[in-house]
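The next block holds one structure in the form of structure tokens; read it before the comments.
The values are calculated or read from the model by the stated rules, or taken from the named source; none is laboratory data. This one's a predicted model, so the numbers in the text were calculated from it and none came from an experiment. In this analysis, Cβ positions are derived from the backbone assuming ideal geometry, glycine residues included, and neighbour counts consider all displayed protein chains.
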Amino acid sequence: MTGYSESRRQTLHMAMASFALLLRVLTWWQAAACAVAAFLFNLLVLPRIGGESLNRPGDAARGYPLGILFYPLSVLLLILAFPRRPDIAAAAWGILAFGDGAATIVGTRVRSRALPWNPDKTFAGSLAFIVAGAAAGAALAWWTRPAVSPLPPLQFTLGAPVLAAIAAAGVESIRVRLDDNISVPIGAAIVLGGLAFLDGPSCAAASAWLPSSILWAVLVNVPVAALGWRAGGVTVPGAVVGAVIGIAVFGFAGAAGWALLFASFLVAAISTRLGLKRKSVLGIAEERGGRRGPGNAIANTGLAAFAAIVAGLSPHREGALLVMVTALVAAASDTVASEIGKAWGTRTYLFPTFARVRPGTSGAVSLEGTGAGLVAALALSALALALGLIRGNALWFATLGATAGSFVESSLGATLESSGTLDNNMLNFINTALSAAFAIALAWAVAG
């Protein structure tokens with residue numbers, strides 16, 4: 001497009017974060033109204049005053065600028081998600097604005113090696129994302145900190161945005177077509193929101209048991225990861241990442257949490273092997289013979305590991321363990337449903353239209369697969385109950401949450417995976433996150 005400049009677009013992208021300074025003095029509904037106004041301005045006014053020069057070539061072909069519209073919508077969601085924590089909304093906004101902007105500018109101007117998993121991204125760009133995003137996030141969190149009551153710990157204000165920027169940089173580097181203005185703030189918000197549950201007394205109390213727990217976790221997980229690689233269940237990078245996740249779960253949630261993690265992995269691995277001959281003939285067998293890579297490990301169990309850390313370092317152990325359990329149950333039961341459906345599903349349909357499709361189609365469901373997934377969800381939830389990770393009705397919260405998340409993932413797979421907007425790993429992470437959210441919502445509804 002004539003007159004288009006990516007640097008100018010990214011400079012404006014970063015400059016818009018200056019409005020986050022207002023979160024210190026605005027109420028949440030005033031801030032939300034401003035975000036709505038910004039969206040309407042970008043949609044209706046900006047194109048009439050020369051805003052077309054900010055549109056990328058793809059935006060021009062489409063007829064409207066997705067990124068410029070998603071930006072204020074993401075800010076609106078941050079404000080609505082954290083109405084009492086403007087510091088979190090501001091930090092995620094800063095990471096979105098400065099992290100993503102710096103990554104694009106540096107990535108296009110500085111010669112650097114491409115990332116192994118995404119040749120369109122570079123190490124220099126990702127490093128710039130982390131540095132700029134962490135600095136902006138911490139600065140905006142510090143500025144808005146006085147608006148929060150009680151006052152957040154300074155360690156959170158300065159430290160949490162750094163971890164959130166690292167996580168968001170990882171999300172930004174994934175090779176999918178999902179707009180960064182959606183994925184980056186969501187990734188940052190999940191980390192910031194989870195870390196907000198940590199408190200000083202819980203962390204101090206953990207110092208008494210955590211070192212020995214981590215030691216046992218290392219002694220258990222390193223050989224188990226090696227055996228998983230030798231057995232053909234994971235790749236070498238997958239084994240390394242799996243070991244780190246296993247150490248986190250064992251170290252912070254105990255042997256019971258690790259037992260559920262191992263059971264969920266075992267269930268998923270066995271279901272992948274079932275009917276392998278038929279799936280290979282149809283061309284729908286898992287890549288690498290079913291070996292799981294690092295992306296798969298993070299997508300399926302990353303949220304569970306993070307929830308385990310929150311459970312060990314916060315006073316909200318019961319809720320965090322419900323998130324961990326549901327995430328593990330959702331990942332395993334979804335794999336069971338998919339693999340059994342591909343192996344023995346007689347009729348497969350797209351959800352929610354129920355149009356007939358061939359087995360292995362992204363988002364397809366079958367009666368056989370759905371039934372197997374539900375049984376797996378109930379069995380793993382029952383195991384979590386027996387291990388003492390959850391109590392009472394939480395069995396049903398985890399089972400129903402995992403089942404609901406699976407159907408939403410199927411719907412997204414049918415619409416967004418085939419277009420390249422999302423890949424399978426992102427769908428799996430969305431499944432675990434939505435399933436956990438459903439379970440927590442059910443628990444709150446019953447308790448309230």
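Looking at Val357, Val408, Val375, just one residue is assigned by TED's automatic domain parsing to the domain that holds Val310 and either touching a residue at least 40 places away in the same chain (Cβ under 8 Å) or touching a helix residue (DSSP H, G or I) at 6+ places or on another chain (Cβ under 6 Å) (or both), and that residue is Val408. Among the residues in segment 204-215, are any buried (at least 23 other Cβ atoms within 10 Å of the Cβ), out of contact with any Asp or Glu (no Cβ under 7 Å at 6 or more places or on another chain) and part of a helix (DSSP H, G or I)? No, there is no match, as no residue in segment 204-215 is buried (at least 23 other Cβ atoms within 10 Å of the Cβ), out of contact with any Asp or Glu (no Cβ under 7 Å at 6 or more places or on another chain) and part of a helix (DSSP H, G or I).
When Ser173 is tested against (1) modelled with pLDDT of 95 or more; (2) of a type in the set (Ser, Thr, Tyr); (3) buried (at least 17 other Cβ atoms within 10 Å of the Cβ), exactly one condition is not met: (1). Selection of segment 102-121 for residues being over 21 Å from the mean Cα position of the chain (by Cα) and among the basic types (Lys, Arg) yields Arg109, Arg111, Arg113. Could you check, for segment 321-331, whether at least one of its residues is in a helix (DSSP H, G or I), among the hydroxyl-bearing types (Ser, Thr, Tyr) and either modelled with pLDDT of 95 or more or not assigned by TED's automatic domain parsing to the domain that holds Leu163 (or both)? Yes, segment 321-331 contains at least one residue that is in a helix (DSSP H, G or I), among the hydroxyl-bearing types (Ser, Thr, Tyr) and either modelled with pLDDT of 95 or more or not assigned by TED's automatic domain parsing to the domain that holds Leu163 (or both). Quick one: is Gly99 more than 21 Å from the chain's Cα centre (by Cα) and either under 14 Å from Ala169 (Cβ atoms) or among the β-branched types (Val, Ile, Thr) (or both)? For Gly99, the condition - more than 21 Å from the chain's Cα centre (by Cα) and either under 14 Å from Ala169 (Cβ atoms) or among the β-branched types (Val, Ile, Thr) (or both) - is not met.
Please tell me if Glu287 is among the charged types (D, E, K, R), modelled with pLDDT of 85 or more and either farther than 22 Å from Ala439 by Cα or buried (at least 19 other Cβ atoms within 10 Å of the Cβ) (or both). Considered against the rule, which asks whether it is among the charged types (D, E, K, R), modelled with pLDDT of 85 or more and either farther than 22 Å from Ala439 by Cα or buried (at least 19 other Cβ atoms within 10 Å of the Cβ) (or both), Glu287 comes out as no. Does any residue of segment 336-348 turn out to be under 20 Å from Val408 (Cα atoms), surrounded by fewer than 18 Cβ atoms within 10 Å (Cβ to Cβ) and modelled with pLDDT under 95? Yes, the conditions are met somewhere in segment 336-348.
This table checks each residue for (1) among the aliphatic types (A, V, I, L, M); (2) free of Cβ contacts under 8 Å to residues at least 60 places away in the same chain; (3) closer than 26 Å to Val241 by Cβ.
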{"residue": "Ala311", "(1), (2), (3)": "yes, yes, yes"}
{"residue": "Leu321", "(1), (2), (3)": "yes, no, yes"}
{"residue": "Leu328", "(1), (2), (3)": "yes, no, yes"}
{"residue": "Ser333", "(1), (2), (3)": "no, no, yes"}
{"residue": "Ser366", "(1), (2), (3)": "no, yes, no"}
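In summary, Pro150 fulfils each of the numbered conditions (1) outside the structural domain of Leu78 (by TED's automatic domain parsing); (2) surrounded by fewer than 16 Cβ atoms within 10 Å (Cβ to Cβ) with the single exception of condition (1). Could you list all residues from segment 384-406 that are in a helix (DSSP H, G or I) and surrounded by fewer than 21 Cβ atoms within 10 Å (Cβ to Cβ)? Matches in segment 384-406: Leu385, Ala386, Leu395, Trp396, Leu400, Ala404. Of Gly137, Gly125, all but one fail to be in contact (Cβ under 8 Å) with a residue 40 or more places away in the chain, part of a helix (DSSP H, G or I) and buried (at least 24 other Cβ atoms within 10 Å of the Cβ); the exception is Gly137.
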